[in-house]
Amino acid sequence: DGGITQSPKYLFRKEGQNVTLSCEQNLNHDAMYWYRQDPGQGLRLIYYSQIVNDFQKGDIAEGYSVSREKKESFPLTVTSAQKNPTAFYLCASRGYLQETQYFGPGTRLLVL
Amino acid sequence: ILNVEQSPQSLHVQEGDSTNFTCSFPSSNFYALHWYRWETAKSPEALFVMTLNGDEKKKGRISATLNTKEGYSYLYIKGSQPEDSATYLCAFMSGANNLFFGTGTRLTVIP
C-alpha cells in the first residue's frame with residue numbers, strides 16, 4: 001500500500017531533551033512537509049523539502065531541525081530550544097507538478 | 001502568515017440535512033484553494049483542489065465552489081450522513097509550497 005507513515009503515534013519529551021519524529025513515504029514524492037497543529041489554530045508549516053539534501057524553513061522553524069538524506073524520509077527533530085513543543089505534528093508529501101499534499105496520521109508530542 | 005478563515009467553527013446537523021461552510025482567503029496572489037476532510041484518528045484526506053475563478057467541483061454528495069475575486073469558497077454537503085462527521089479544512093495556496101490552513105469546520109451529523 002502506498003502512503004505516508006509517521007512514528008511514533010505518541011511521544012513524550014523530558015525538559016531539555018531532543019526528540020526525533022519519523023516520517024516515511026513510499027509514494028515516490030519529491031516534496032515533503034512538516035506541520036504543527038495547536039488547539040484553535042490552523043496547521044502551520046515548520047519545514048519543507050523539495051528534493052533530497054535540500055530543505056527550507058517554514059513559518060515556525062525556530063527550535064526545530066530536519067534532514068533529507070533519502071527521498072523517502074524526512075525526520076523532524078524537536079530540540080530543547082523549542083520552548084513549547086506540546087502539539088500534534090503532521091507530515092505530508094507532494095508529487096512533482098502535483099498540487100495536492102498527502103498527509104500521514106500524525107504524532108502527538110507531550111512534554112513531561 | 002496569511003489569514004484564512006473558516007465558518008462556522010462547528011456545526012451539528014440532522015442526518016439527511018444539507019449543509020454548507022465558508023472559507024475566506026486573500027484575493028491576491030492566488031494559486032489554488034484546497035479542501036480536506038479530517039476524520040478523528042485518521043489522516044487529512046484531500047477532497048478538492050480548485051484553481052480557477054468560478055470553479056465548481058463535485059465528489060458524490062460533496063461539492064465546492066470558488067470565487068477568487070472576492071476571496072471565498074463554499075463547501076456543500078447534500079443529504080448529510082453520519083460518516084460525513086469530520087473536520088473540514090480549507091487551505092489557501094500562494095505558491096507551490098505555501099499552503100495556509102484555516103482552523104477548520106467541525107461537522108457532526110446526528111443520526
Checklist entry - Assuming residue A:28 fulfils every condition listed in (1) among the polar types (S, T, N, Q); (2) open to solvent by 50 Å² or more (accessible area, probe 1.4 Å); (3) without any contact (Cβ under 8 Å) to a residue 40 or more places away in the chain apart from one, which condition is it? => result (3)
Checklist entry - Across the stretch B:60-82, what is the total count of residues that are touching a residue at least 24 places away in the same chain (Cβ under 8 Å) and over 21 Å from residue A:102 (Cβ atoms)? => result 14
Next on the checklist: Going through B:57, B:42 one at a time, which residue ends up being touching a Phe, Trp or Tyr at 6+ places or on another chain (Cβ under 8 Å), within 14 Å of chain A (Cβ to nearest Cβ), free of Cβ contacts under 8 Å to residues at least 60 places away in the same chain and within 28 Å of residue A:4 (Cα to Cα)?
Outcome noted: B:57
Checklist entry - How about the stretch A:53-64: which of its residues are open to solvent by 50 Å² or more (accessible area, probe 1.4 Å) and under 14 Å from the mean Cα position of the chain (by Cα)? => result A:55, A:56, A:57, A:59, A:62
Next on the checklist: So in the stretch A:74-105, with the set limited to residues that are buried (at least 17 other Cβ atoms within 10 Å of the Cβ) and closer than 13 Å to residue A:38 by Cβ, which one is nearest to the other protein chains (Cβ to nearest Cβ)?
Outcome noted: A:90
Checklist outcome for this item: By residue number, the members of the stretch B:68-109 that are in a strand (DSSP E or B), away from every other protein chain (no Cβ under 14 Å) and crowded, with 17+ Cβ neighbours inside 10 Å are B:72, B:73, B:75, B:77, B:107, B:109
Next on the checklist: Quick test of your reading of the structure: residue B:26 fulfils all but one of (1) farther than 27 Å from residue A:31 by Cα; (2) in contact with a Leu (Cβ under 6 Å, 6 or more places away or on another chain). Name the failing condition by number.
Outcome noted: (1)
Checklist outcome for this item: Residues of the stretch B:27-49 being farther than 17 Å from residue B:5 by Cβ and open to solvent by less than 50 Å² (accessible area, probe 1.4 Å), in sequence order, are B:32, B:37, B:38, B:43, B:44, B:46, B:47, B:48, B:49
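The values are calculated or read from the model by the stated rules, or taken from the named source; none is laboratory data. Owing to the predicted nature of the structure, the values given are computational and were not obtained by experimental measurement. Here the Cβ is made from the backbone with ideal geometry for all residues, glycine too, and neighbour counts use every protein chain on show. Accessible surface is based on the protein model in full, side chains and every heavy atom, while ligands, DNA and RNA are left aside. Shrake-Rupley method; radii C 1.70, N 1.55, O 1.52, S 1.80 Å.
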